[in-house]
1. Take the alpha carbon atoms of the stretch 507-635, find their radius of gyration, then divide it by 2.2 N^0.38 Å using N residues; give the quotient.
2. Rounded to the nearest 20 Debye, what is the dipole magnitude of the stretch 314-370 about its Cα centre when Lys and Arg each give +1 and Asp and Glu each give -1 at the C-beta?
3. Counting other Cβ atoms within 10 Å of each Cβ, which trypsin sites (Lys or Arg not before Pro) in the stretch 161-234 have at most 12 and sit in a DSSP loop?
4. Between the stretch 189-216 and the stretch 547-565, what is the C-alpha centre distance in whole Å?
5. Efficiency by 1/(1 + (r/R0)^6): what FRET value for Thr309 and Asp588, r their Cβ-Cβ distance, R0 = 30 Å, to the nearest 0.05?
6. When Rg/Rh (Cα atoms, Kirkwood Rh) is calculated directly from the model, which label among (i) 0.95; (ii) 1.09; (iii) 0.99 fits?
7. If the cut-off is 23 Å between C-alpha atoms, which lysines fall inside it for Lys483, apart from same-chain ones fewer than 8 positions away?
8. Within the accessible area of the chain, what % is carbon and sulfur when the probe is 1.4 Å and the other protein chains stay in place?
Amino acid sequence: MMRKWLGSLAICAALMIPGWSLAEEARSDEAALSTMEDVVVTASRAEEEKKEVTASVVVISEQDIRMSSAADLGELLAEKGIGHIQQYPGISTSIGIRGFRTDATGNDLAGKVLILIDGRRAGTGDVAKIMTANVARVEIIRGPASVQYGSAAMGGVVNVITKKGEGPPGFFAEGGLGSFDHETGTAGFSGSLEKFDFSGSATRESMDDYVTADGDDYDNTGYDKKQNASLNLGVEFLPRNHLRLIYHYFDADEAGSAGYLSQSDPDAYSDIGLESADFVYDGQTSDGFLAWNTRYFTGKDEYKWVDPTWASLYTKDTDHRGGQGQISGNWENTTVTGGFDWVNYDIDSNTAPEKSEYDNPACFILAKTRLVERLILSGGLRYDDYEVDMKSDGGREKDDNLASNLGAAYIINDHVKARAGYGEAFRMPTAEQLAGDYVAWISYLGNPELKPETSETYEAGFDLTHAFTDFSVTGFVTDFKDKIEVYTLPTFEQSYKNIGGASIQGIESEISFDAGAFLGWAYDLRPYGSIVYLTKYEDDETDEDLLYTEDMTASWGLVFSDKKGLSTDLNFAYTGDKKVEDWENWSDPVNIIHCGGFTVANFTVHQKILDFAKRGGLTVKGEIRNIFDRDYAYVAGYPMPGRNFFIGVRYEY
């Protein structure tokens, strides 16, 4: 451990020294390199231009979100072909990146892809709970990001960034009706006044049970009420110093708790909630040399499942809270960011294990330096200490982990950047796995000797940004080790141990082409596409392909705008074949079957019909989802809706 500490610290020191020694050198071609000026924050936890990022980063813009037919983060990522989608009827969706995925059944502790809201842990792995009405953009790191964000960031990180108000104050109101008695209404506001900025939205909707493409009524797939709210308030109390309050609320009442179509229980339902509040202070010196950020957040993830027929009730509530603090020093050629994270989860259930607590303080350092004008090196180091307490259902255990990463980018010319990187990632054992001693049908014992699940990833790629074209491609190789699995003790109790791992390799690519500008047309026409192809996703123990992992996912489409109020988006999303366990037709051992191999097409159109000049405007929105009425399911036995329609009206001032 000590040698690893010293080696990682040497990496960071090596990155800092050249930046200081070159601090007096001018970057004569800085203006010429301004063709990749998108600012992102997720890859380094500090604002940086996308052209200087050494990781594989995808940005879904506010315009992309508004043109999409998606209402929540899960639907949005499915349309964009980011990776694996595990969507159940009702309100439960997990997503996967590079062979790893979130856990939709609980908080984010058991997942291997991390969801963030405004740079901190969302506290859930269910991306259907995160709505998009007040989202400015979504930034996605493909690949390991544990050095930046800690446990669970193995396959990647999805950072949902809330809108900040700017410009003259304005507001909007919209409502719509759709298939399956879908009704929705949203109101929101945004803007700034002197030193204050504000942005917010609130939505309420309901929907009845849906019909599949085969014409089957699928009981218990609707919801009586789903409502969400988002608020972002800021004040500049000193030049370049801001205080900010961010609030998110989601609640679904009597949401469908659909089982397999063949076994659906019309009486069962779920109540689901997610709520959080952030108190943020960020600032910087007048010359921008130092920048800092501190945050305290608190929230709650709620789940209740009710089956009146059998008088069954299951509840699980997770209170989460935490803090972040970081400071960045910006030399001419070097940026160094150091800080700490702390997160605490308090989990309460009505069944064993009933109560557990997870506490995780961490510290990190990230550095980036520019050499010979066009060569950029980055590196980082993170140390996590964690403790779990099973309270009445076990004992208390603790462990720690050290992770590092290293990246490089070379700006070949004004439009092309090559990059390469190495990253370590980890997922800490849960409290039950490490310290449990409880009975749930059978006895479970934790294993205090468990090690965190870990991975090492090597990747390389390049990005091209031109006047009309954006293109990127990345190849990666991941070695996943110390996988935690259940096994049976000689006493017939169940426990956990680190068993084997997996080898995952693949290629990712995105492209967008502005054909309208290229041809000099008076309107916009932009074809786009993305693909993720896994060339290998193999279990090291069995040499079999990993379950619940597609060899390929893809998305492509065409955006059109006449620049006079009409805009459309035709999107196709392909999900490849995968092997899954057949729990619908249970057997011992469980049979492995194939699922997937389908393409879903959605179409959206916006048309501004009235322009009241200084009094705003009125826009009509139409959607067709599953245009070709495709019979498909992300999870075997849980078919998704057939062709459905939506029409709405939006007034914006």
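The values are calculated or read from the model by the stated rules, or taken from the named source; none is laboratory data. The structure displayed is predicted, hence computed values, not measured ones. Positions of Cβ are backbone-derived with ideal geometry, glycine not excepted, and every protein chain shown enters the neighbour counts. Side chains included, ligands, DNA and RNA excluded: accessible areas come from the protein's heavy atoms. Shrake-Rupley method; radii C 1.70, N 1.55, O 1.52, S 1.80 Å.
1. On the way: Rg = 21.0 Å, N = 129, 2.2 N^0.38 = 13.9 Å.
Cα-based Rg divided by the globular estimate yields 1.51.
2. Its charge dipole is roughly 400 debye.
3. Numbers: sites: Lys163, Lys164, Lys195, Arg204, Lys225, Lys226; in loops: Lys163, Lys164, Lys195.
Within the stretch 161-234, the qualifying trypsin sites (Lys or Arg not before Pro) (loop, at most 12 other Cβ atoms within 10 Å) are Lys195.
4. Using only Cα atoms, the two centres lie 22 Å from each other.
5. Working: r = 26 Å, r/R0 = 0.88.
With a Förster radius of 30 Å, E is 0.70.
6. Computing Rg/Rh (Cα atoms, Kirkwood Rh) and matching it to (i) 0.95; (ii) 1.09; (iii) 0.99 gives (i).
7. Cα-Cα hits under 23 Å: Lys4, Lys112, Lys398, Lys451, Lys497, Lys536, Lys578, Lys579.
8. Working: 15530 of 27750 Å².
For the chain, the apolar C and S fraction of the accessible surface comes to 56 percent.
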